[in-house]
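Everything below concerns the one structure shown next.
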Amino acid sequence: MRASADCPADVVRIGAGRGVTSGRQIRVITRSYGPMLVTVAVDSALTRSDCAVVSPTRFARLDATTALLDSCCTASSLTDDEARAQLEMVERIVDDGHRRSLIAIAPHGGDIEPTTDAQAERLAAVLGNASAWSARAWSPTAAFARWHVPSTRLSPDCFPILKPLMDRGFERTVAFHGCSFDGVVVGGTLPSTVRRAVAQAVTAVVGPFGFPVVLAEPESRYSGRDPRNIVNRLCAGDEGSLQLEQGLRVRARFWREIADAVASTLATFAV
């Protein structure tokens, strides 16, 4: 078995007739590996009871006797402490039910990309008239492999708290992410003047400690400009998103200061 262009590394190929459609996320639970979140690709060549899993860390063949496919992706009734103990995924929201000015998101919070969920909530708190949403999950050694779904493939239908927000039409959206680059990459669809100002504000915080801050190239993997990206799908316009990709070291040390720098810049531009 091998990954291919039509079967990326975190996609589950399953037979038709299971009541799920391509592009949705499901939970796969195995005896040997435990739970993980994956994206579905329906494959007519497979039988109804068969599925082939290609994960970010290994190749494995699963069938109905070794794996449980569960369409319930999150367990948001749990507290964070309970979810951490049970290696679960939850959604969290800060919202008044109707504000549209700005939402900060972190689709990979908890142990997946640590501190990004705290940054989203921090930004909303500092700005005041803003919302925040995050998905957060825990695993001591394999949170990324278990729970990471690329932002361009995340299906709101599988996240009950996120789904109602999709029709809100936020004027501005901000996404906090982690990345392998040992610094900060500023992307999104906001005007270049705003993105450049954000980069300068973040540089003032982390630059003296040796962390580079760069503007994302338009076609780079960190550009944040893909219309399929959840940060853009939440935004009402075509020039309203901001995406920050941050290395682990800079997040661990300056997560709060980075969020504050973003907040002050957006406030200055009345964004």
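None of the figures in this text is laboratory data; all of them are computed from the coordinates on show. The structure displayed is predicted, hence computed values, not measured ones. Don't worry about glycine lacking a Cβ; one is built from the backbone with ideal geometry, like all the others, and counts go over all protein chains shown.
For Asp238 and Ala142, the difference between the fully extended length at 0.36 nm per residue and the C-alpha to C-alpha distance is 31.0 nm.
DSSP beta bridges confined to segment 80-268 are antiparallel in about 35 percent of cases. Counting Lys and Arg as +1 and Asp and Glu as -1 over every other residue whose Cβ lies under 10 Å from the Cβ of Val194, the net charge comes to +2.
Compared with the rule-of-thumb size 2.2 N^0.38 Å for a compact globular protein, segment 168-209 has a Cα radius of gyration ratio of 1.32.
Annotation: average projected area of segment 80-268 is 9.8 square nanometres, based on the convex hull of Cα atoms across all directions.
Stretching Ile29 away from Ser77 to a fully extended chain increases their span by 15.3 nm, per 0.36 nm per residue minus the current alpha-carbon distance. Using the Cβ-Cβ distance between Lys163 and Glu257 with R0 set to 30 Å, the FRET efficiency works out to roughly 0.40. Take the Cα pairs of segment 201-271, get the Kirkwood Rh, then feed it into Stokes-Einstein at 4 °C and 1.567 mPa s and tell me D in µm²/s. Translational diffusion coefficient: 96 µm²/s.
Its alpha carbons considered, segment 145-189 gives a radius of gyration followed by a Dmax of 13.1, 35 Å.
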